[in-house]
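Scroll down for the structure; my scribbles are underneath it.
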Amino acid sequence: MGYIIEGRTGPWEIVCGLEVHAQVISKSKLFSGAATSFGAAPNTQVSFVDAAFPGMLPVPNRECIAQAIRTGLGLKAQINLWSRFDRKNYFYADLPAGYQISQYQHPIVGRGEITVELADGTRRNIGITRLHLEQDAGKSLHDQHPTKSYIDLNRAGVALMEIVSEPDIRSPEEAGAYLTKLRQILRYLGTCDGNMEEGSLRADVNISVRRPGEGYRTRCEVKNVNSIRFVMQAVEAEARRQVEVWESGGEVVQETRLFDPARGVTRPMRTKEHAHDYRYFPDPDLLPLELDPEWVEELRRTLPELPDAKAERFQRDYQLSAYDARVLVAERATADYFEAVARGRDAKLAANWVMGELFAALNRTGRTIETSPVSADALGRLLDLIADETISGRIAKQVFEEMVETGADPAAIVDAKGLRQVKDTGAIEAAVAQVLAANAEKVAEYKAGKDKLFGFFVGQVMKAMGGKGNPALVNEVLKRALG
Amino acid sequence: MSLDPETVRRIADLARIAVTEDEVARLQGELNGILAWIEQLNEVATEGVEPQTGAVRMPLRLRDDVVTEGDQHDAILANAPDRADNALGSFFAVPKVVE
Amino acid sequence: MSKPTDLTIAEARDLLSRRALSARELTEAHLSAAERLSSLNAFITLTAERALRDAARSDERLARGEARPLEGIPLGIKDLFCTEGIRTTAASRILDGFTPPYESTVTRKLWEAGAVCLGKTNLDEFAMGSSNTTSAFGHVVNPWRRRGDNRDLVPGGSSGGSAAAVAARLCLGATATDTGGSIRQPAAFTGTVGIKPTYGRCSRWGIIAFASSLDQAGPIARTVRDAAILLRAMSGFDPKDSTSADVPVPDFEAAVGRGVQGLKIGVPKEYRLSGMSAAIISLWERGAAWLREAGAEIREISLPHTKYALPCYYIIAPAEASSNLARYDGVRFGLRVDPGGDLDDLYAATRAAGFGAEVRRRILIGTYVLSAGYYDAYYLKAQKVRALIARDFDRAWAEVDAILTPATPTSAFAIGEKQDDPVTMYLNDVFTVTANLAGLPGISVPAGLDEGGLPLGLQVIGRPFDEETVFAVAGAIERAAGFDALPAVRA
C-alpha cells in the first residue's frame, strides 16, 4: 500500500497530476526575433510582434520546435508529425494580443512517461499526457505606483513547453521525485535550464483525494508553485485540506488555489467576475505544423544520453553502485566531470573523490561543477600521482586543498612542498628504528601478543616521515623490524 | 439558436465592449437576424468533411533562431497612451491590476 | 498630350521615361485634384510634402536614367497599410493618434519600385463593409451619378476611398485589400479594375488584419494593364508572413495581351440568382460572347455550394476578426478611454467608444460563434463548408481555365440605402466571397453600364497562382467591351 492520509473516518489516497511550464532554451522568441535572455531592462527585448502591433505576424522559430521534439523524445513520447497552433482568447494586462498562441487540440507531443525512483528504492512510472508549445505572457509590476500597474513585455512571446502529466502521482514524495526527474531530463537535453527561481520552470499542481479503490473526486489546481519543496508541501497541505472538507461533511469545489509557503497552506485565488471562455480556434496567421520524419529521426540520433541510461552505463562500465551512479548522473555536468576523471583510471577512486572531496569543496566555496576551482583534468592528474605512488591518498587530500585554493597544478604543488613519497628503504628503516627505540614498552607489549599495536607503529613512522612514507614499504620494514 | 439579452451581455463582456441596455435590445435583434441567416449552413451535409482552416494548402515555414530585434523600447512605447519611466526603465502603465 | 490625371500608369511611365513629363508635374496635378475634389472624401490623409519629396527623388533618378518600374507614379494607399511615420487609422477611432514605426511589406515594395505616396485612402472601418459608410472619417462619395438622380452614391467597400480616388483621377492607382470582395466590389461600382490575387501572393505583413485567412492585398487601377503593373510590384515572397507563398512573380503585364484563344471559360450556373437585374444578366452573357468570339470555349459549370459561401464567410470572418481586434485595448497604442475603474472597465469603455457599430456587431458575432458550446455548430461547420466550396473549384479546374461571373449583384446604390438590416448589405459580396474562401485570384473589369448609366463589372476567377490567365481573360474583356464611360466627378 502506498502513501495514505489517515483521516478521522478512515484512509485517504492522494491523486495528483502536474502541469509544468518549462521555458524553452532558444536565443529568440517563439514567434519573433526578440531576445529571450533573463534580466534585461524592461521592454528592451520586445518586437512589434510581441507587443501585438497592428499588422504584425508570427513566424515560428525552428529551434523552439526542435527543442519541443527533443523533449518529447527524452520523455519517450509520441511525436505528432502534424500539429497546429491555436489561439486562446482572453484579455489580460500582460497579454498584448488579447490571445495566447498555444496548441490546444493538436499538441506537438503526445503520450510519454517518466520513471521516478523513490527513497526506498522503488520505481514508479508517471505518464505524460502531452507536451505543447505556447507563448509566455509579459510581466505586470504592481509595486511601482500606488494606483497603476506597470507592464514589461520582455517575456511576452518567449517559448514555453507545457508538459502535462497523467494523474498518476500518489504522494508528495512522488510529486517531488517527478518534478526533480523532469527537471533533470530537461537540463540533460538542454531544452530548459530548469531555473525555478527565475521562473524558467513553474508547476501547476492538480490534487484530489479519494478512498482507496474509489473513482476520482473533484480536484483543485494549485497554480504557479515555484520550487520542488513547495510542490511537495502544496500536495500535502491541499490533500489534508480536502480530507478535512470531505470528513466534515462538505464538498470540495473545483477551483484554482495558491500555495502560501510562509503559512504552509493553500488559499483560493481571487475569482474574476468575468466568465472564462477561451474561444480556442486555429490561428489563421499560421499553417499546420508538419514535421519531416527525417528531421525527427535526426534529432533522435543526436539526443544526448539521458540520466537513466547513463546511470545504467556507469554501473556497468565503471562497476559503481546504483546509489553512486544516481548521484553522479543527477547533473549532466557532474556526470561529464566524473567521466573525464574516471577515463583510464580507477573509476571507483574517481567516484569517491568526486562525491567526497570535490563535492565538499564545491559546497564550502559556494561553487558549482561548472565553475569548479579544480578542473576534471587537474583532479585526474592528482589521481595519477596516487596511482603511480608519487603521493599517498592522505597527502593527495592535502594537495587537493591547495589546488582548491590556488588552482595550481598537483605535480607542481607536490614538488614545491616536497610531498613526494619516500620509497628509499634506508630512510624508512631509520625512521622505524627511531620509533621503535622511543617506544620500547609498546614494542614489548606487541611482542607479547598485542597485535593491534601494529597500526600505532605505522602511524608513528608516518608521522615521523611527515606523512610521505610509502605505506607499503613502511609496513614491510616495520614487520621485518618487529620480527 | 437564438440569443437572449443575458447572452448578449455575456458575449459583450467576453469581448470587452461596454453595452448599454438600449444597445442590448438592439443588438439582440441584429445578431439574431444574422444568426438566423447564417444557420442555412445547416442544410449542407458535411459528414466526413475535413475542416479547412486557411486559404492555402502548404506546410508551415520555420525561421532560424536568430535575434533580429530589440533595444527599441522607445519605438515600442512611442504610441502608448500612458507610458511610465522610473529607475528600472520604461513601461506601459494601466490602472492597478489586483491579483 | 492628355491631362496628367487622365493618363494610365503605362502611359505615364512612358512619358516620364521619355522625360516628356516630370514626376513633379504628375504629382502636383494629382495633389491639386485631390484637394479640389476633397468633397469625395476619398483620402483620410494627404501626404503632400512626402509626395513632392518622392517625386523630386524620382525626377533625379529619371534624369540619371535609373528609373525603377513605378518611378514617379503617384499612388493612393488604403489606410489599412501601416506606413512608417504616417498616421494609419483603419478608418477607426480606436487607432486615434497611431503612427506606425514600421512600413508594410507591400508599400515598402512600392516605394522601392519608385512610386510616389500621395496619401492614405478612406475605407470602411477595419475594412468591414461594402459601402464605405462605416468609416469613422465619414463616408466616401462615388464619383459616378445615376442618370437623372442627384443623390450621392456609395463607392462600394471596403476599399471605397481607393476606388473613388482612382475613378475620379485623384491618383493613377491605389492599393486595396479584399477579404470578401473589398477590392472587386468597389472597382465594379466605380468603373475601375481591381484584382485580388491568390492568397499568399502579397505579404500581409504590416496590413492591419481583418480576417487573416481571407485578407489579401491587391491594386485598383483604371486599366487591366495598370493593375498588372501594380500587382507585379506588390507581389512576392515575404519571410515575415508565414502564409506568404514562396513562388516566382511572373510578368503579369505580359499576360494582359496574351488573348484567350483555346482557353476554356466556365460560367457557373449557381451565380444566376433569382431577381438579378436584366442589365447584369445581359452583361454577363455579352461577356461570354466576347470571349467566345476571341477564341475561348465557354462551358457551363457547377459550383454547387456557392449559395453557402456568404453565410460561411459571415462566420469565419467575424470569428477571426473578434480575435484579431482584441489587441485594440487602449494599452499600447491608439485610443484610451479610462472611466476610472479597473483595467477591464478601461478595456470595455475604450472598445465601446473606439469601434463603430458594424465593427462591434462583427466582434460580437465572432465572439459568439467561437464560444463554448457553439464552436462546432458555427465555426467548425463553416470550415467544413469552406472545404466544400474549395472542392467545388478544384473540380471546376479539371474542366476550365478560368471562370466568368458578374462582379456584383447590383450597381452602386445611394448612401443610406440597404442599411435597414446588416444582412442586406452583406449580400453585396455574394459573387466575390467565394474566391476569398478558396484563396483564388479574382479580378473585376468594367464591362458596361446599367440602365441608370452606372458601371457594372465582370469578374474573372482563376486557378491558384494563375493570375496570368486571369489578366489574359480580363484583357480580352476590356478590349471587347471598349468601356470608355467617365464618372460625373473627375479631375
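Looking at A:D285, A:D308, just one residue is out of contact with any Pro (no Cβ under 7 Å at 6 or more places or on another chain) and either in a helix (DSSP H, G or I) or not β-branched (V, I, T) (or both), and that residue is A:D308. I need the full set of residues from region B:12-30 which are within 15 Å of C:S322 (Cα to Cα) and among the basic types (K, R), in order please. Within region B:12-30, B:R16 is the sole residue that qualifies.
Listed here are the helices (runs of 4 or more DSSP H) enclosed by region C:386-491 that have at least 2 residues being closer than 13 Å to C:R184 by Cα: C:433-438.
Being in contact with a Gly (Cβ under 8 Å, 6 or more places away or on another chain) and more than 14 Å from chain B (Cβ to nearest Cβ) is the requirement here; does A:A52 meet it? Considered against the rule, which asks whether it is in contact with a Gly (Cβ under 8 Å, 6 or more places away or on another chain) and more than 14 Å from chain B (Cβ to nearest Cβ), A:A52 comes out as no.
For C:A174, the stated conditions do not hold, so it cannot be described as in contact with a Lys or Arg (Cβ under 7 Å, 6 or more places away or on another chain), hydrophobic (A, V, I, L, M, F, W, C) and surrounded by fewer than 24 Cβ atoms within 10 Å (Cβ to Cβ).
Can you go through C:G138, C:G200, C:G157 and tell me which one is within 14 Å of chain B (Cβ to nearest Cβ), in a loop (DSSP other than H, G, I, E, B) and more than 16 Å from C:L230 (Cβ to Cβ)? Selected residue: C:G200, the only one of C:G138, C:G200, C:G157 that is within 14 Å of chain B (Cβ to nearest Cβ), in a loop (DSSP other than H, G, I, E, B) and more than 16 Å from C:L230 (Cβ to Cβ). If you take the residues in region C:304-329 that are outside any helix (DSSP H, G or I) and surrounded by 24 or more Cβ atoms within 10 Å (Cβ to Cβ), which one is nearest to the other protein chains (Cβ to nearest Cβ)? The extreme case among them is C:D329.
Okay, residues lined up against (1) over 24 Å from A:T9 (Cβ atoms); (2) within 14 Å of chain C (Cβ to nearest Cβ); (3) in contact with a Gly (Cβ under 7 Å, 6 or more places away or on another chain):
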| site | (1), (2), (3) |
| --- | --- |
| A:E238 | no, no, no |
| A:F259 | yes, no, no |
| A:R267 | yes, no, no |
| A:E290 | yes, yes, no |
| A:T302 | yes, no, no |
| A:D317 | yes, no, no |
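Among the residues of this structure, C:D238 does not count as one that is more than 23 Å from C:T434 (Cα to Cα), of a type in the set (D, E) and modelled with pLDDT under 95.
Checking each residue in region C:367-385 for being among the aliphatic types (A, V, I, L, M) and part of a helix (DSSP H, G or I) picks out C:V369, C:L370, C:A377, C:L380, C:A382, C:V385. Take the conditions (1) touching a residue at least 60 places away in the same chain (Cβ under 8 Å); (2) closer than 26 Å to C:E399 by Cβ; (3) crowded, with 16+ Cβ neighbours inside 10 Å; C:E270 misses just one of them, which is (1).
Annotation: of all residues in region C:367-383 being of a type outside the set (D, E) and more than 9 Å from chain B (Cβ to nearest Cβ), the one that is surrounded by the most Cβ atoms within 10 Å (Cβ to Cβ) is C:L370. Taken over region C:434-489, the criterion of being aromatic (F, W, Y) and surrounded by 24 or more Cβ atoms within 10 Å (Cβ to Cβ) is satisfied by C:F471 alone. Among the residues of region C:349-366 satisfying the criterion of being of a type in the set (V, I, T) and touching a residue at least 60 places away in the same chain (Cβ under 8 Å), which is surrounded by the most Cβ atoms within 10 Å (Cβ to Cβ)? Per the stated criteria, the residue is C:V359. Residues in region C:240-260 that are buried (at least 18 other Cβ atoms within 10 Å of the Cβ), free of Cβ contacts under 8 Å to residues at least 40 places away in the same chain and out of contact with any Lys or Arg (no Cβ under 9 Å at 6 or more places or on another chain): none.
From the list A:E255, A:E273, A:E198, A:E214, the lone residue that is at pLDDT below 95 and in contact with a Cys (Cβ under 6 Å, 6 or more places away or on another chain) is A:E255.
C:C117 passes all but one of (1) within 13 Å of another protein chain (Cβ to nearest Cβ); (2) among the hydrophobic types (A, V, I, L, M, F, W, C); (3) assigned to a strand (DSSP E or B); which number fails? Single failed check for C:C117: (1). Output yes when any residue across region A:158-173 is modelled with pLDDT of 95 or more and within 14 Å of chain B (Cβ to nearest Cβ), and no when none is. Yes, region A:158-173 contains a residue that is modelled with pLDDT of 95 or more and within 14 Å of chain B (Cβ to nearest Cβ). Taken over region C:342-366, the criterion of being part of a helix (DSSP H, G or I), more than 26 Å from the chain's Cα centre (by Cα) and facing chain B (nearest Cβ under 7 Å) is satisfied by C:L343, C:D344, C:L346, C:Y347, C:A348, C:A349, C:R351, C:A352. If you go through region A:80-139 and pick out every residue that is of a type in the set (A, V, I, L, M), within 14 Å of another protein chain (Cβ to nearest Cβ) and under 25 Å from the mean Cα position of the chain (by Cα), you end up with 2. Scanning region C:56-88 for residues that are within 14 Å of chain A (Cβ to nearest Cβ) and basic (K, R) yields a count of 2.
If you take the residues in region B:10-25 that are under 24 Å from C:P311 (Cα atoms) and more than 9 Å from chain C (Cβ to nearest Cβ), which one is surrounded by the most Cβ atoms within 10 Å (Cβ to Cβ)? Checking each candidate, the answer is B:V24. Number of residues in region C:217-261 that are closer than 28 Å to C:C312 by Cβ and away from chain A (no Cβ under 13 Å) equals 8.
Residue pairs, Cβ under 8 Å, 6 or more apart or interchain, first in region B:17-37 and of a type in the set (S, T, N, Q), second surrounded by fewer than 15 Cβ atoms within 10 Å (Cβ to Cβ). List them. Pairs that qualify, where the first residue is of a type in the set (S, T, N, Q) and the partner is surrounded by fewer than 15 Cβ atoms within 10 Å (Cβ to Cβ), are B:Q28/B:D4; B:Q28/B:P5; B:N32/B:S2. Scanning region B:55-73 for residues that are modelled with pLDDT of 95 or more and not in a loop (DSSP other than H, G, I, E, B) yields one hit, B:R63. In region C:466-491, the residues that are modelled with pLDDT under 95 reach residues that are in a loop (DSSP other than H, G, I, E, B) and buried (at least 18 other Cβ atoms within 10 Å of the Cβ) with C-beta atoms within less than 6 angstrom, at least six apart or across chains, in these pairs: C:A491/C:R169.
Taken over region B:41-54, residues that are more than 7 Å from chain C (Cβ to nearest Cβ) and in a helix (DSSP H, G or I) amount to 2.
Being under 30 Å from B:R26 (Cβ atoms) and acidic (D, E) holds for only one residue in C:D394, C:D421, and it is C:D421. Tell me whether region A:100-117 contains one or more residues that are modelled with pLDDT under 95, acidic (D, E), assigned by TED's automatic domain parsing to the domain that holds A:T191 and closer than 21 Å to A:R183 by Cα. Scanning region A:100-117 turns up at least one residue that is modelled with pLDDT under 95, acidic (D, E), assigned by TED's automatic domain parsing to the domain that holds A:T191 and closer than 21 Å to A:R183 by Cα. Of everything in region B:63-84 that is under 18 Å from C:D241 (Cβ atoms) and surrounded by fewer than 18 Cβ atoms within 10 Å (Cβ to Cβ), the residue that is nearest to the other protein chains (Cβ to nearest Cβ) is B:T68.
The values are calculated or read from the model by the stated rules, or taken from the named source; none is laboratory data. Here the structure is a predicted model, which is why all the values come from computation and not from measurement. Positions of Cβ are generated from backbone atoms using ideal geometry, with glycine treated the same way; all protein chains shown enter the neighbour counts.
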